[in-house]
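The values are calculated or read from the model by the stated rules, or taken from the named source; none is laboratory data. Given the structure is predicted, the values throughout are model-derived calculations rather than measurements. Note that we place each Cβ from the backbone using ideal geometry, even for glycine, and neighbour counts take in every protein chain shown.
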Amino acid sequence: MTGWMQQRKTEETSGDEELQMIPRWSLILAILLFAAMQYIFHGVLPHHKHEFFPLRLLMGYAWGTLWASYALLLGYVSRDVRRRGMSAKLWMLVCGILPGGLGAVIYFLLRQPVLTRCPNCSTSITASYHFCPQCQFQIAPVCGVCHRSVKITDAYCTQCGHDLNVDGAPARLRVYSDEA
């Protein structure tokens, strides 16, 4: 499998994992809100004029989709804040109080990076770290000269041109390179 195909497969899996983060209560609430909007537009509102049926149908689906999407968004935020080590109560309050999804937009602009664990000492670290700040374990490949991140399959650093094969990357990182 070529590199871009593996990257594409990883991106698709990542999207599926993001959707699986939506909790069951949020899915149930979204279905109930969608059904409630259908009931309001087709059962409660006066419907003695049949020429407005297409408009009622369109408005019922539009408002139902809007409220269901908002419930799914709140469910996603409720799980995502925990994954990023942020205050769930605060962000649910912000997302619930600010109108029109503005709270969710603010959340997505200000959210912290996803935390991972160092495989050596289990310290919580952000995904952008190349070395663990506690035990100096190398997590991602870096250039030995300029210390910028490089791809695991690169032969030379894209920033300074250094030959990465002479750096002596750990064996667990060399396994993924193109060399035999």
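Taking the options VAL94, VAL77, name whichever one is in contact with a Cys (Cβ under 7 Å, 6 or more places away or on another chain) and among the β-branched types (Val, Ile, Thr). Please lay out each step first, then the result.
Working: VAL94 fails: in contact with a Cys (Cβ under 7 Å, 6 or more places away or on another chain).
Step by step, each of VAL94, VAL77 is checked, and only VAL77 is in contact with a Cys (Cβ under 7 Å, 6 or more places away or on another chain) and among the β-branched types (Val, Ile, Thr).
Residues that are at pLDDT 75 or above and loosely packed, with under 15 Cβ neighbours inside 10 Å: does segment 164-172 have at least one? Full working, then the answer.
Of segment 164-172, the ones at pLDDT 75 or above are none.
No, every residue in segment 164-172 fails to be at pLDDT 75 or above and loosely packed, with under 15 Cβ neighbours inside 10 Å.
So, in segment 85-129, how many residues would count as being charged (D, E, K, R) and surrounded by fewer than 12 Cβ atoms within 10 Å (Cβ to Cβ)? Explain how you work it out, then say what you get.
Taking segment 85-129 as the starting set, the residues that turn out to be charged (D, E, K, R) are 89, 111, 117.
When the remaining residues are screened for being surrounded by fewer than 12 Cβ atoms within 10 Å (Cβ to Cβ), the result is 89, 117.
Residues that pass the stated criteria total 2.
Looking at segment 69-89, is at least one residue touching a strand residue (DSSP E or B) at 6+ places or on another chain (Cβ under 9 Å), of a type outside the set (Val, Ile, Thr) and on the phi > 0 side of the Ramachandran plot? Give the steps one after another, and end with the answer.
Just the residues of segment 69-89 that are touching a strand residue (DSSP E or B) at 6+ places or on another chain (Cβ under 9 Å), to begin with: 83-85.
When the remaining residues are screened for being of a type outside the set (Val, Ile, Thr), the result is 83-85.
Now restrict to residues that are on the phi > 0 side of the Ramachandran plot: 85.
Yes, there is a match, as at least one residue in segment 69-89 is touching a strand residue (DSSP E or B) at 6+ places or on another chain (Cβ under 9 Å), of a type outside the set (Val, Ile, Thr) and on the phi > 0 side of the Ramachandran plot.
GLN134 fails exactly one of the following numbered conditions: (1) within 30 Å of VAL150 (Cα to Cα); (2) surrounded by 12 or more Cβ atoms within 10 Å (Cβ to Cβ); (3) out of contact with any Cys (no Cβ under 9 Å at 6 or more places or on another chain). What is the number of that condition?
(3)
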